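The structure under discussion appears below in the form of structure tokens.
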Amino acid sequence: MKMRNIKYIVLHHSATDYQANAEDTTGKEIAKTICDRAQDKWKKEFPAYICDYHFIIGHTGEVFKAQPIEQPAWHCTNYQANLVSVGICFLGNFEKIEMPIEQFNTGVQLIKTLMKQYNIPLINILRHRDVVSDITQTTNSTECPGKNFPYIHLLDALRDGEPFFDIGEDYKCINEVKFLKQLGIIKGDGKGYLKPDDFITREGVMLIAYRIIKLLQN
Ligand SMILES: [Zn+2]
């Protein structure tokens with residue numbers, strides 16, 4: 001089979017409550033249920049279909065392989081995006097809970113491996129909600145992967161020391177930026193960009209002043 005052209009990784013949550021099933025310590029049963037449902041849904045059109053995701057990561061950090069990576073999976077409501085992306089589902093409902101560190105670390109490792117293997121840039125690691133829906137023609141048409149999904153932390157971990165996407169080691173104030181970001185004084189635009197040539201708003205100035213004074217008071 002010809003390898004498809006993988007350009008994006010799209011991150012999901014299962015929106016399931018794994019606490020409700022104490023016998024299933026790794027999330028294996030939930031992963032199986034997710035695959036079973038997808039197979040049931042697609043069995044007529046695609047008898048070989050396995051899952052709407054390529055990988056499912058449990059809360060203990062176990063990875064369950066699902067749809068073979070060379071085959072598209074219908075994980076986001078955008079036909080073209082599905083053809084060129086890998087779907088990773090983190091088990092849990094991150095509208096309600098925080099992600100356990102084991103699950104987070106496995107996610108970072110898996111994404112790093114895929115980025116290297118398929119030469120995927122960091123800017124193409126998207127949350128489901130960042131993908132434009134074919135139905136609504138907008139982003140944010142889903143909550144997935146939930147408001148507590150540690151997207152920014154994940155990007156930080158994948159960036160390997162670079163503080164923001166849009167500046168590199170050649171940026172004139174790179175050391176100052178790293179220093180200020182580490183202290184939590186600057187946070188960029190919340191999506192991983194510094195946008196160094198944009199104007200700052202009054203609100204932005206106040207937030208920075210507030211964070212500096214708070215820090216000095218501690
Ligand atoms: Zn999703």
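Residues in the stretch 23-56 that are assigned to a loop (DSSP other than H, G, I, E, B) and open to solvent by 80 Å² or more (accessible area, probe 1.4 Å): E23, T25, K43, K44, E45, F46, P47. Being modelled with pLDDT of 95 or more, outside any loop (DSSP other than H, G, I, E, B) and within 15 Å of the ligand (Cβ to nearest atom) is the requirement here; does G146 meet it? Answer is no for this residue. Among the residues of the stretch 174-191, the ones that are among the small types (G, A, S) and either surrounded by 13 or more Cβ atoms within 10 Å (Cβ to Cβ) or over 12 Å from I212 (Cα atoms) (or both) come to 2 in all. Within the stretch 70-104, being of a type outside the set (A, V, I, L, M, F, W, C), surrounded by fewer than 14 Cβ atoms within 10 Å (Cβ to Cβ) and under 14 Å from Y151 (Cα atoms) holds for one residue alone: E98.
Among the residues of the stretch 73-106, the ones that are assigned to a loop (DSSP other than H, G, I, E, B), under 23 Å from N119 (Cβ atoms) and within 15 Å of the ligand (Cβ to nearest atom) come to 4 in all. Candidates are the residues of the stretch 7-22 that are open to solvent by 30 Å² or more (accessible area, probe 1.4 Å) and farther than 22 Å from K112 by Cα; the one that is nearest to the chain's Cα centre (by Cα) is A15. Whether a residue is part of a loop (DSSP other than H, G, I, E, B), modelled with pLDDT under 95, open to solvent by less than 60 Å² (accessible area, probe 1.4 Å) and in contact with a Gly (Cβ under 7 Å, 6 or more places away or on another chain) was assessed, and L155 does not pass this test. Being open to solvent by 80 Å² or more (accessible area, probe 1.4 Å), modelled with pLDDT of 90 or more and in a loop (DSSP other than H, G, I, E, B), is that true of even one residue in the stretch 202-214? No, the stretch 202-214 has no match at all.
Before we move on, is H59 within 16 Å of the ligand (Cβ to nearest atom) and part of a loop (DSSP other than H, G, I, E, B)? Against the criterion (within 16 Å of the ligand (Cβ to nearest atom) and part of a loop (DSSP other than H, G, I, E, B)), H59 does not qualify.
The values are calculated or read from the model by the stated rules, or taken from the named source; none is laboratory data. Since we're looking at a predicted model, the values are computed, not measured. Note that we place each Cβ from the backbone using ideal geometry, even for glycine, and neighbour counts take in every protein chain shown. These area figures cover heavy atoms from the full protein model, side chains too; ligands, DNA and RNA do not enter into them. Shrake-Rupley method; radii C 1.70, N 1.55, O 1.52, S 1.80 Å.
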